[in-house]
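The numbers here are math on the coordinates, done by the rules we state, and not lab data. Every value quoted in this text rests on a predicted model; they were computed, and no experiment measured them. Backbone-built Cβ (ideal geometry, glycine too); neighbour counts: all protein chains shown.
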Amino acid sequence: MDSNLTDFVMKTIEEMNPFDRENIECMKKVIRKAIDFYHLKSYEEVEETHVGSVRFLHVHSMMEENMLSKIVVVTRNGNTDLDIEGVYEGHVVREY
C-alpha cells in the first residue's frame with residue numbers, strides 16, 4: 001500500500017491500454033483493482049437478472065466510499081460530475 005491514489009490510477013490506466021475515461025466499465029475495473037490493491041473491505045457483487053448482469057458495490061465504510069469516489073475523479077482527470085454512485089448507477093449498498 002505504498003502508492004498514492006493518483007499514482008495508482010495512472011499506473012492502472014497505463015496497464016489497461018486501451019482505456020476510455022468516459023467508459024463506465026473501464027472505471028469499474030479500476031475500482032475493482034483499487035479494492036484489491038488497497039485491501040479494502042468493500043466488494044463488488046454481480047447479480048444475474050432477466051435483463052442481464054448487474055454489478056452492485058457493497059461499501060464497508062464512509063472512508064472507503066470517499067476513497068473510491070476520489071478514484072473516480074482522478075480517473076476522469078479531475079472531472080467531478082460523477083461519483084461512485086453514478087458509476088454503479090445507484091447500485092451501491094452501504095454497510096455502515
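When the test is whether a residue is outside any loop (DSSP other than H, G, I, E, B) and surrounded by 15 or more Cβ atoms within 10 Å (Cβ to Cβ), Val74 passes it.
When the criteria are applied in full, Phe8 fails the requirement of being in contact (Cβ under 8 Å) with a residue 12 or more places away in the chain, of a type in the set (Phe, Trp, Tyr) and closer than 17 Å to Tyr96 by Cβ. When segment 59-88 is filtered for residues that are under 17 Å from Asp20 (Cα atoms), acidic (Asp, Glu) and out of contact with any helix residue (DSSP H, G or I) (no Cβ under 7 Å at 6 or more places or on another chain), only Asp81 remains.
Whether a residue is surrounded by fewer than 17 Cβ atoms within 10 Å (Cβ to Cβ), part of a loop (DSSP other than H, G, I, E, B) and of a type outside the set (Ser, Thr, Tyr) was assessed, and Phe19 passes this test. Taking segment 29-58 as the search range and keeping residues that are of a type in the set (Phe, Trp, Tyr) and not in a helix (DSSP H, G or I), which one is farthest from Met16 (Cα to Cα)? That would be Phe56. Per the listing Tyr88, Tyr96, the residue uniquely more than 16 Å from Thr6 (Cα to Cα), in contact (Cβ under 8 Å) with a residue 24 or more places away in the chain, of a type outside the set (Val, Ile, Thr) and in contact with a Leu (Cβ under 6 Å, 6 or more places away or on another chain) is Tyr88.
Would you please name the residue that is nearest to His91 (Cα to Cα), looking only at residues in segment 59-68 that are part of a helix (DSSP H, G or I) and in contact with a Leu (Cβ under 8 Å, 6 or more places away or on another chain)?
Leu68
Just one of the listed residues (Gly52, Gly78) is within 26 Å of Glu95 (Cα to Cα) and either touching a Gly at 6+ places or on another chain (Cβ under 7 Å) or free of Cβ contacts under 8 Å to residues at least 24 places away in the same chain (or both), and it is Gly52. The residues of segment 33-55 that are touching a Phe, Trp or Tyr at 6+ places or on another chain (Cβ under 9 Å) and buried (at least 16 other Cβ atoms within 10 Å of the Cβ), listed by number, are Lys33, Ala34, Ile35, Tyr38, Arg55.
In the set (1) under 14 Å from the mean Cα position of the chain (by Cα); (2) more than 20 Å from Glu95 (Cα to Cα), Ile71 fails one condition alone, (2).
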